[in-house]
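What follows is calculated from the coordinates using simple rules that are stated; it is not laboratory data. Note that this is a predicted model, so its numbers are computed, not measured. All Cβ positions, glycine included, derive from the backbone under ideal geometry; neighbour counts span all protein chains shown.
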Amino acid sequence: MIEVQELTKRYGKQLAVDHISFGASGGSVVGLLGPNGAGKSTTMRMLAGYIPPSSGTAKINGYDVVRQSMLARKSTGYLPENNPLYPHMYVREYLGFMGALHGMNRKKQRIEEVIGLTGLGPESHKKLGQLSKGYRQRAGLAQALLHDPPVLILDEPTSGLDPNQLSGMRQLIRDLGREKTVILSTHIMQEVELLCKDVLIINKGKIVADDELKALTAVRSLEEVFRELTR
Ligand SMILES: Nc1ncnc2c1ncn2[C@@H]1O[C@H](COP(=O)(O)OP(=O)(O)OP(=O)(O)O)[C@@H](O)[C@H]1O
């Protein structure tokens with residue numbers, strides 16, 4: 001579960017996220033849409049505990065991301081936008097390292113599981129710096145899934161994937177969304193239509209739509225709705 005109240009982020013004078021409130025609960029994928037610079041990544045970074053909010057609150061599974069940051073992080077899997085990985089580490093070494101950070105027992109078995117789930121197998125003998133963009137993205141997702149968190153925050157998870165990889169990744173996200181609360185950002189409207197039950201549209205730091213996809217697109221296409229609300 002994700003609960004956001006009046007969440008705000010200022011970078012100096014710039015108001016990147018402006019008093020946003022929304023909620024998301026398990027068993028669905030929420031699409032976070034917005035034009036470039038709207039505040040999507042900033043919002044996700046705050047939810048994942050990577051940057052502190054300027055004001056407002058966010059709770060992950062009931063844990064406040066600032067006051068109970070360790071517990072909130074344990075409940076969160078985060079795939080960052082540019083997915084900064086450690087280029088010199090081998091895939092399994094990296095996942096082992098991330099597992100240790102999460103204080104996981106029986107890492108080995110779980111590492112093989114997430115390598116299988118994300119289709120990393122054929123490239124799993126390589127160093128992260130040697131992986132193609134699509135496989136780096138998979139390594140990032142494997143890391144996000146490692147500790148089996150109930151909430152997944154995925155910042156443009158399908159960027160850089162070829163059409164074959166794309167359908168596999170979307171299927172995986174759809175499956176994960178059956179049990180977990182998944183919030184993903186994307187610029188691909190078709191992806192939202194394929195994956196998301198609920199949609200948030202953010203523009204200039206403010207939420208301009210928070211509704212079920214069905215309701216939002218009852219009269220017009222998602223693209224038309226998006227263009228009108230973010231003009
Ligand atoms: N570290 C930072 N310092 C200063 N300003 C920042 C910083 N990070 C983001 N911003 C600004 O905050 C605003 C929101 O940026 P953010 O990256 O959250 O947008 P976004 O919706 O994810 O965009 P995109 O679709 O291009 O990835 C932008 O105006 C951006 O320039």
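Name the residues of region 202-218 whose amide N is less than 20 Å from a point 7 angstrom out from the Cα of R231 along the C-beta direction?
From region 202-218, the list is 202-210, 216-218.
Assuming a ≥ b ≥ c are the square roots of the Cα gyration tensor eigenvalues, decide whether region 112-231 counts as rounded (a/c under 1.5), prolate (otherwise, with a/b larger than b/c) or oblate.
Working: a/c = 2.34, a/b = 1.99, b/c = 1.18.
Here region 112-231 falls in the prolate category.
Set the Förster radius R0 to 45 Å, insert the Cβ-Cβ distance between E224 and N105 as r into 1/(1 + (r/R0)^6), and round the FRET efficiency to 0.05. Spell out each step's value before the answer.
On the way: r = 50 Å, r/R0 = 1.12.
Efficiency for this residue pair is about 0.35.
Which peptide among 14-23, 201-210, 159-168 comes first, and what is the full order, when sorted by highest mean count of other Cβ atoms within 10 Å? Write out the running numbers ahead of the final one.
Working: 14-23: 17.5, 201-210: 19.6, 159-168: 13.4.
So the order, starting with the most tightly packed, is 201-210, 14-23, 159-168.
Could you tell me the center-to-center distance, by alpha carbons, between region 130-190 and region 58-87 in angstrom?
The distance from the Cα centre of region 130-190 to that of region 58-87 comes to 16 Å.
In whole angstrom, how far apart do the alpha carbon centroids of region 101-116 and region 1-24 sit?
About 33 Å separates the Cα centre of region 101-116 from the one of region 1-24.
How big, in percent, is the set of alpha carbon pairs in region 83-148 lying more than 15 Å apart?
On the way: 846 of 2145 pairs.
Everything past 15 Å amounts to 39 percent.
Starting from the Cα-Cα distance between Q130 and E193, subtract it from 0.36 nm times their residue separation and give me the gain in nm to one decimal.
Working: separation 63, 0.36 × 63 = 22.68 nm, distance 3.33 nm.
Computed gain between Q130 and E193 is 19.3 nm.
Can you tell me how region 55-188 classifies by the Cα gyration tensor, rounded, prolate or oblate, using a/c under 1.5 as the rounded cut? Before the final figure, lay out each step's value.
Numbers: a/c = 1.70, a/b = 1.26, b/c = 1.35.
Oblate shape, in that a/c is at least 1.5 and b/c is the bigger or equal ratio.
How do S28, S124 line up, fewest other C-beta atoms within 10 Å first? Present the calculation step by step, with values, prior to reporting the outcome.
Numbers: S28 17, S124 21.
Least crowded to most crowded, the residues run S28, S124.
Hey, what's the per residue convex hull volume over the C-alpha atoms of the chain, in cubic angstrom?
Working: hull volume 27.0 nm³, N = 231.
In the chain, the Cα convex hull volume per residue is 117 Å³.
By average Cβ neighbour count within 10 Å, what is the ranking of 131-141, 188-198 from highest down? Working shown, then result.
Values: 131-141: 21.6, 188-198: 18.6.
Averaged packing, sorted descending, gives the order 131-141, 188-198.
Helix-derived [θ] at 222 nm for the chain: sum -39500 (n - 2.57) over DSSP H runs of at least 4, divide by residue count, nearest 500?
Values: 9 runs with 86 residues, N = 231.
After summing the helix terms and dividing by the residues of the chain, the value is -11000 deg cm²/dmol.
What ranking do 92-98, 151-157 get when scored by the average of other Cβ atoms within 10 Å per residue, highest first?
Top to bottom by mean Cβ count within 10 Å: 151-157, 92-98.
Want the number for S69 to Y50: 0.36 nm per residue separation, take away the alpha-carbon distance, what's left? Kindly include the intermediate steps, with their values, before the conclusion.
On the way: separation 19, 0.36 × 19 = 6.84 nm, distance 0.98 nm.
Answer, rounded to one decimal: 5.9 nm.
Here are some pairs, K9/K107; K9/K108; K107/K214; K13/K133; K40/K197; K133/K214; which of them have Cα atoms lying more than 30 Å apart in this structure?
Working: K9/K107 36 Å; K9/K108 38 Å; K107/K214 40 Å; K13/K133 34 Å; K40/K197 18 Å; K133/K214 33 Å.
Check vs 30 Å cut-off fails for K9/K107; K9/K108; K107/K214; K13/K133; K133/K214.
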